Amino acid sequence: MIVRPKPGLREILFAVSGSILPRILGRLLTIAVICVVAVLAAGSHPGVFVQISAIPFTLIGIALSIFMSFRNNACYDRWWEGRKLWGSLLIACRSIARRVASLDEAERRYFLLGATGFTAGLAAQLRGRDEPEAIEAHCGPGVWSTAANPNDTLLRELGVRGFALMQSGRIGPIHHSLLEEQLHLLAQVQAGCERIALTPVPFSYSLLLHRTAYIFCLALPFALAGTLGWWTLLPVLLVSYTFFGLDALGDQLEDPFGLEPNDLPLDAMARTIEREMLEALNEPSLPPPLAPVSHVLH
């Protein structure tokens, strides 16, 4: 996630770090070359380019911008839902810390390190890393090390431990029910994140917008070169920057759990939960919070 102060005029005009520009620079250079070719061709054959009207491009551009905004809204909804799910994860972990505060140290450690391991495992799952390794870093080896779904297996073990505490009379049924409620919330968070990660925006919908944007930006110089000459570069590059930028931004927001600059800072949020769980265990030293690198927080 990009972390920057509110930009001033200088940053708006010249900031590159955190901008979508590096992602689309190659496409903009291609469009610039096409503009040069169109202007040179218009100078050599002016009669041909006079017959090309810019009115159809105006209508197509308006329609394209509307459809592209629909796609970007859908991608942003995925990003925002992912952020709400991780907010619920933080709430559940804090609630677990309160639920087990009255238990002895060994049991509190088991549940709080389990919540930390689940968070690290979920971040690893969503970012294509080694889930068992991420869980073992906090919980040590266990049945989750060889499980098909390590995170769910860890939750099941936490549930079994809570039930055993109730059976032994160390916690009451209501206490157990409240603890189980938070474990259920963690399972819901995992299922919600998996739904987003495994269900992309329909390919045909994205492909249609990609193709239309490319065709529009590649053909636009030939509609303007006959009347604007070398000034064609300015409006065409501005339009291309907008369309290609929105297109690339939608691609980043579509998968909110990746490592792109605009994706959610899962590692930073997992570190926050780790620090709070260790603090609840009265650990003397806590790992430092993650800091942005080149204005990007992962």
Q. Restricting attention to the range 146-170, which residues are under 30 Å from the mean Cα position of the chain (by Cα) and exposed (fewer than 14 other Cβ atoms within 10 Å of the Cβ)?
A. 146, 148
Q: Test each condition in (1) surrounded by fewer than 18 Cβ atoms within 10 Å (Cβ to Cβ); (2) free of Cβ contacts under 8 Å to residues at least 40 places away in the same chain; (3) under 26 Å from residue 200 (Cβ atoms) for residue 106 and report the one that comes out false.
A: (3)
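Residue-wise test of (1) at pLDDT 90 or above; (2) surrounded by 15 or more Cβ atoms within 10 Å (Cβ to Cβ); (3) closer than 30 Å to residue 85 by Cα.
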residue	(1), (2), (3)
225	no, yes, no
248	no, yes, yes
253	no, yes, yes
261	no, yes, yes
267	yes, yes, yes
271	yes, yes, yes
279	yes, no, yes
293	no, no, yes
297	no, yes, yes
Q: Could you grab me the full set of residues in the range 94-111 that are farther than 18 Å from residue 267 by Cα and part of a helix (DSSP H, G or I)?
A: 95, 96, 97, 98, 99, 105, 106, 107, 108, 109, 110, 111
**Q.** Scan of the range 191-220 for residues that are within 15 Å of the chain's Cα centre (by Cα) and at pLDDT 85 or above, ordered by number
**A.** 192, 193, 194, 195, 196, 197, 198, 199, 200
Q.
Just checking, does the range 211-218 include any residue being touching a helix residue (DSSP H, G or I) at 6+ places or on another chain (Cβ under 8 Å), exposed (fewer than 15 other Cβ atoms within 10 Å of the Cβ), among the aromatic types (Phe, Trp, Tyr) and assigned to a helix (DSSP H, G or I)?
A. no
Q | Yes/no for residue 91 being out of contact with any Lys or Arg (no Cβ under 8 Å at 6 or more places or on another chain), of a type outside the set (Gly, Ala, Ser), more than 21 Å from residue 125 (Cα to Cα) and assigned to a helix (DSSP H, G or I) | A | no
Q) Among the residues of the range 48-77 satisfying the criterion of being assigned to a helix (DSSP H, G or I), closer than 19 Å to residue 235 by Cα and of a type in the set (S, T, N, Q), which is modelled with the highest pLDDT? A) 65
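Yes/no matrix, rows are residues, columns are (1) farther than 26 Å from residue 85 by Cα; (2) without any contact (Cβ under 8 Å) to a residue 12 or more places away in the chain; (3) loosely packed, with under 15 Cβ neighbours inside 10 Å; (4) of a type in the set (Ser, Thr, Tyr):
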site: 128; (1), (2), (3), (4): no, yes, yes, no
site: 144; (1), (2), (3), (4): no, no, no, no
site: 172; (1), (2), (3), (4): yes, yes, yes, no
site: 183; (1), (2), (3), (4): no, no, no, no
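The values are calculated or read from the model by the stated rules, or taken from the named source; none is laboratory data. It should be emphasised that the depicted structure is a prediction, and the values quoted were computed from it without experimental measurement. Glycine also receives a Cβ, built like all others from the backbone with ideal geometry; neighbour counts cover every protein chain displayed.
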